[in-house]
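*Asks:* Before I ask anything, here is the structure I am working with.
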Amino acid sequence: DAKTTQPTSMDCAEGRAANLPCNHSTISGNEYVYWYRQIHSQGPQYIIHGLKNNETNEMASLIITEDRKSSTLILPHATLRDTAVYYCIVRVHSGNTPLVFGKGTRLSVIA
Amino acid sequence: DAGVTQSPTHLIKTRGQQVTLRCSPKSGHDTVSWYQQALGQGPQFIFQYYEEEERQRGNFPDRFSGHQFPNYSSELNVNALLLGDSALYLCASSRGYRDRTFYEQYFGPGTRLTVT
């Protein structure tokens, strides 16, 4: 079973920041937080990952609370192409550890 | 650089039949994982292949089997198809199986299997 809890769906206005929350209260010390997204009719796409520090890349920012029990994925300027299902996954930091997906959050970006 | 490719795109089979799905990993990748995604659900891990051997397996029956070839491509076979096997089958590739450095998994577009 997935170790994370996410809202089922969220809406965001185009051009605004999209903040997607994730709870992972049972995360272990050696587990990282990963985010993937799945645009309709495509395979999941890696977005970002982190351990305890905030992380930023060209796609998004990841904010992890100090106790590591929750995190937020931030898409700073959402576009219509960001409409997708977003998955938060906790995982041991090994490239070949299987990904355990929950149902994710369906983000709808609205014009 | 080609990403992960899968064939066929869509497939319709009858209950009880057998099916083979194919996956070519991203260039430079040596590890292939297969996932099943039922409608409205997240992908579920089936198994993973490295050096032509099954290395890890999820909670799937023996009707699901696979193979990896010397060129790292892979096949997923499902025998005695059930209606419940209808799903999107995703292939993901990565590299560095024995390396604990993070290597993200790249997913293909999937094969949509419909069992009637």
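*Asks:* Looking at (1) touching a Lys or Arg at 6+ places or on another chain (Cβ under 8 Å); (2) surrounded by 19 or more Cβ atoms within 10 Å (Cβ to Cβ); (3) closer than 26 Å to B:L88 by Cα, which is the only condition A:C22 fails?
*Replies:* Failed condition: (1).
*Asks:* Of the residues A:K103, A:K69, A:K52, which is among the basic types (K, R) and within 27 Å of B:T5 (Cα to Cα)?
*Replies:* Among A:K103, A:K69, A:K52, only A:K103 is among the basic types (K, R) and within 27 Å of B:T5 (Cα to Cα).
*Asks:* For the stretch A:78-96, how many residues meet the condition of being under 16 Å from A:I48 (Cα atoms) and either in contact with a His (Cβ under 6 Å, 6 or more places away or on another chain) or open to solvent by 10 Å² or more (accessible area, probe 1.4 Å) (or both)?
*Replies:* 6
*Asks:* Does the stretch A:90-106 hold any residues that are in contact with a Lys or Arg (Cβ under 8 Å, 6 or more places away or on another chain) and of a type outside the set (G, A, S), and which are they?
*Replies:* The answer is A:V90, A:H93, A:N96, A:T97, A:L99, A:V100.
*Asks:* Considering only the stretch B:29-48, I want to know if a residue exists there that is among the small types (G, A, S), under 21 Å from A:Y32 (Cβ atoms) and touching a residue at least 40 places away in the same chain (Cβ under 8 Å).
*Replies:* yes
*Asks:* Within the stretch B:99-110, can one find any residue that is modelled with pLDDT of 95 or more and of a type in the set (S, T, N, Q)?
*Replies:* Scanning the stretch B:99-110, I find no residue that is modelled with pLDDT of 95 or more and of a type in the set (S, T, N, Q), so the answer is no.
*Asks:* At least 2 residues that are modelled with pLDDT of 95 or more and away from chain B (no Cβ under 14 Å) in each: list the strands (runs of 3 or more DSSP E) lying fully within the stretch A:7-111 that qualify. Lay out the reasoning, then the answer.
*Replies:* Working: elements: A:9-13, A:18-23, A:31-38, A:45-50, A:61-64, A:70-75, A:84-92, A:105-110.
By residue number, A:9-13, A:18-23, A:61-64, A:70-75, A:105-110.
*Asks:* Sticking with this structure for a sec: How many of the residues making up the stretch B:11-64 are open to solvent by 50 Å² or more (accessible area, probe 1.4 Å), facing another protein chain (nearest Cβ under 10 Å) and within 17 Å of B:S93 (Cβ to Cβ)?
*Replies:* Qualifying residue count, the stretch B:11-64: 2.
*Asks:* If A:K52 passes every condition in (1) open to solvent by 60 Å² or more (accessible area, probe 1.4 Å); (2) touching a residue at least 40 places away in the same chain (Cβ under 8 Å); (3) touching a Lys or Arg at 6+ places or on another chain (Cβ under 8 Å) but one, which one does it miss?
*Replies:* For A:K52, the failing item is (2).
The values are calculated or read from the model by the stated rules, or taken from the named source; none is laboratory data. In this text the structure is predicted, and so the values were computed from the model without any measurement. No Cβ is skipped: glycine too gets one built from the backbone with ideal geometry, and neighbour counts run over all protein chains shown. Note: areas computed on protein heavy atoms with side chains; ligands, DNA, RNA excluded. Shrake-Rupley method; radii C 1.70, N 1.55, O 1.52, S 1.80 Å.
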